Structure formats: structure tokens, C-alpha cells
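The block underneath contains the structure these notes are about, expressed in C-alpha cells.
Computed from the coordinates by the stated procedures, all read-outs in this text should not be read as laboratory data. Please read these numbers as outputs of a predicted model, since none were measured by experiment. Here the Cβ positions follow ideal geometry from the backbone for every residue, glycine too, while neighbour counts run over all protein chains shown.
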Amino acid sequence: MHFDLPDLRLFIHIAESPSLTQGARKAFLSPAAASARIKALESQLGSRLLYRDSRGVELTPAGQRLLQHARLIMRQVDYLKSEFTEYGTDAAGHIRIFANTTAVTEFLPEVLAGFLAQRPGVTVDLQERLSRDIVRGVLDGAADLGIIAGPVQAPGLQVLHFSTDRLVLAVPLGHPLAQRQLVSFSDTLAYPHIGLHEGSTLLSFLREQVEKLGGNLALRIQVSSFEAICRMIEAGVGIGIIPESAARRHSRTMQLVTLQLDEVWAVRERSMLVRELDALPGSVRALIDTLLPQPADEKKATH
């Protein structure tokens, strides 16, 4: 059985697009040429890979299996190319990262800015995903690196802890909870919350906790960033649960009261997920080294 790499890449483009036409466009092919290649691939495998209708395409079970293998194969091809580039082992390459909300909006932009400024040949695709999708993406080879917070269930992956953050409750001045030093999550459910947008990892996590309590999370408004949450809280619109790092930063310019949450899950370990660290290209390993705490930082944290 022989596979052409362009056909595998075309199949990935189509699988990740809403239609065959858009997938063909990404591969710089006409829809007719793309359709012919997919049919030839199906004939070679003896399996139907796509369901086609007026709404677009949907993967069959065989298509799902091929997508997983195709991603891994193409990722390894990309790794091979990056290892033999003229720029060197860590100065060029493409890195795809699946990360949670806090990573995407809070600390990764600053880290990546410095990292990319030193490596003009490196490009990054950073996508916000739910925790389960981050784990699955790294396992399937859809992402080189996953960044996640909280407990990690990721058999088959290497987990690299790199920092700790805490979820806290932010309330406006004069709020009934403002005089307390410690508050339980259940106590906050009596008040309207300011939440992140649908699909954010933090909102999904909080809804899971509410479901365990059998309560209801009254969302008054949903916004796209922690800064927007803090502005709404400062204006008295509601209260919100955010990472302590974000609360500390925005408290410098806004009038907020920050309270500790009396919950075990409030302490959030940040971890990176990879399939096999030693097999990653130099650019990905260099980014991981940038995120991992340095000996001086560890020494400072213990004092």
C-alpha cells in the first residue's frame, strides 16, 4: 500500500474544513481534482472516508482513523523538515499549540513575543481549546504542545508541570461578600456572575463544579477576556471567578476586592502535554525550555 503525502495533506485540509471546496482551496486544487484524489484514496484503502451532502462533508469512522494517522505522519514530516533547515535546530519551524483560556489570554502572548522575536524563522498556531480537546489534540498529533490547568488525565502523554496559579473571587467595592477573607463557591451562586464566552475552558470548568453542587450559575453577561470581566465587576454588574494572576494585574488599575476561594480545586497546576519530548523538533523543545521554571526561579519560589 502506497500513500502520497500530498493526498494525506489534502485529506487533512478537507477534514478540518466545512466543505470539500474549502479544503481543496487550502491545498491549491480545484474541487474536481480534490474529489478525484479522495476517491482514489478511498479505492486504495477499500473504505469510504467521507459522507458528502449539500451541507458539506463529514468523516466516516474509517475517515476518523485515517485523520489521526495522517496528522501524525504529516507532523513527523514537518519535524523532519525543521530539523534540517538552514536556520538550525531551534530557529525555524512551525509550532501548533492547543491551550486553555488563561494561557491564551494571560501569559502566553508575552512569552511568545520574546520567543518569536529571537527566532524569525519560527511560526506559531495558537488555539484556545477545552481541556479534553487539548489532551485529544496532542494524542492525535493535531498539536505539538498542549497547555492545561488543573488535574490532568492524559495516559500516553508526558506531563511537564511549569507553574501554579489560583482561582479567586473578584467582587466590587461594597459588595456583601467584600468583607470576607474566605468564601466557598456555593456562597457565590447567590449572586449574578460575569463569565467568559462560550467554549472557554474556565467557564466549562465552573459549570462542572456547579453541576456537582446541584446549583445554578446565574450568568448576567459573558465577555471575551479577564480584563472585560474585571471592568464589569468594577462597575457593579456582578462578581466573577478569575485566575489570581489576572486579578493581581487588573487590580493595579481597577477598584476590585479579591477573595480566596475555600475550594481544593481553586489551586491550579499548569502543565504542558507532549507525546514524546525527545522526538520533538528543536523549536518546540526551545519553547518548552522557555516555559519551564529556571533554577533561579525555583530557588526564589522557595523563599
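For this structure, a couple of remarks:
- Positive-end ranking of L67, G46, S184 along the dipole of the chain, with charges on Cβ about the Cα centre, is headed by G46.
- Pairwise centroid distance, computed over Cα atoms, of the stretch 182-228 with the stretch 91-122, Å: 28
- Antiparallel bridge percentage (DSSP; both residues within the chain; nearest 5): 55
- For the chain, calculated [θ]222 nm from helices alone, where every DSSP H run of n ≥ 4 adds -39500 (n - 2.57): -12500 deg cm²/dmol
- What the Kirkwood sum gives for the stretch 101-162 is a hydrodynamic radius of 12.9 Å, with every pair of different alpha carbons counted.
- Shown is the FRET efficiency for N216 and A266, computed with R0 = 22 Å from the Cβ-Cβ distance and rounded to the nearest 0.05: 0.65.
- Partners of K39 within straight-line reach, counting aspartates and glutamates whose Cα lies under 16 Å from its Cα and excluding those fewer than 8 residues away in the same chain: D4, D7, D53, E58.
- Comparing N216, I233, V264 along the charge dipole axis of the stretch 164-267, the residue lying farthest to the positive side is I233, per the Cβ-charge model.
- The chain, relative contact order in percent, only Cα pairs under 8 angstrom and at least six apart counted: 21
- Rh (Kirkwood; distinct C-alpha pairs) - the chain, Å: 21.8
- Computed on the Cα trace of the stretch 1-116, the radius of gyration divided by the Kirkwood hydrodynamic radius gives Rg/Rh = 1.06.
- Size of charge dipole - the chain - debye, nearest 20, with Cβ of Lys, Arg +1 and Asp, Glu -1, no other charges: 480
- Using only Cα coordinates, the Kirkwood hydrodynamic radius of the stretch 164-267 works out to 13.4 Å.
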